[in-house]
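The values are calculated or read from the model by the stated rules, or taken from the named source; none is laboratory data. Everything numeric here is computed off the predicted structure, so don't read it as measured data. Cβ coordinates were reconstructed from backbone atoms using ideal geometry, including for glycine residues, and neighbour counts include every protein chain displayed.
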Amino acid sequence: MENVPASTDDAAARQSLEQLSRDRARASSAARAPWWYHAVVSIALAAFILAFGLQGGAFTAAISLSATVAVLAWVLRPRVTKTQADPWSEPANLRTGLTQTLAALIVGGAGVAIHAATGLGWVLWTAAALAAALYFLLATRMESALAASIRAGKK
């Protein structure tokens, strides 16, 4: 076995750790869905809520189209990010994700119910905008937590 000075080993280890840190930063950036991805899902959610202000075939078409766009976005997420990383797989994100889902259901459901009872269109628009904004805010928070977890080497 050959004697290697400790300083060489320290330098090599430091260089390897720096490379690992750069790789984790790249991976965390790649795993994160872009802002426009969440904007598309937010708009689909808003359109779904707004569909309840329509009648007949327009209602059916709007519900179907908005739901299809949202489901396709979720299915295509791995292609968008080019990774299999999932923000919902992060334990800390489970509460945020459930809050996101519950907020959309409560805000959207309340807006639809109030609109159905009063016929006020602005209520539906307000509920749709609020639900979409809450979805976007919480989804980007989940993406940030996922990226931080990858950078820290927890994933």
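Some notes on this structure:
- Among (1) touching a residue at least 60 places away in the same chain (Cβ under 8 Å); (2) farther than 19 Å from ALA39 by Cα; (3) not aromatic (Phe, Trp, Tyr), the one test that ALA127 misses: (2)
- Neighbours by Cβ (under 6 Å, 6+ apart or cross-chain): first from the range 59-79, free of Cβ contacts under 8 Å to residues at least 12 places away in the same chain and over 16 Å from ALA139 (Cα atoms); second of a type in the set (A, V, I, L, M, F, W, C) and part of a helix (DSSP H, G or I): PHE59/ALA51
- Restricting THR96, THR140, THR101 to residues that are of a type in the set (S, T, N, Q), surrounded by fewer than 20 Cβ atoms within 10 Å (Cβ to Cβ) and under 30 Å from LEU54 (Cα atoms) narrows the list to THR101.
- Odd one out for ALA70, checked against (1) of a type outside the set (Ser, Thr, Tyr); (2) in a helix (DSSP H, G or I); (3) surrounded by fewer than 16 Cβ atoms within 10 Å (Cβ to Cβ): (3)
- When each of ALA33, ALA39, ALA47 is tested for being outside any helix (DSSP H, G or I), small (Gly, Ala, Ser), surrounded by 12 or more Cβ atoms within 10 Å (Cβ to Cβ) and modelled with pLDDT of 80 or more, the lone residue that passes is ALA33.
- Total residues in the range 103-155, condition within 24 Å of TRP74 (Cα to Cα) and polar (S, T, N, Q): 3
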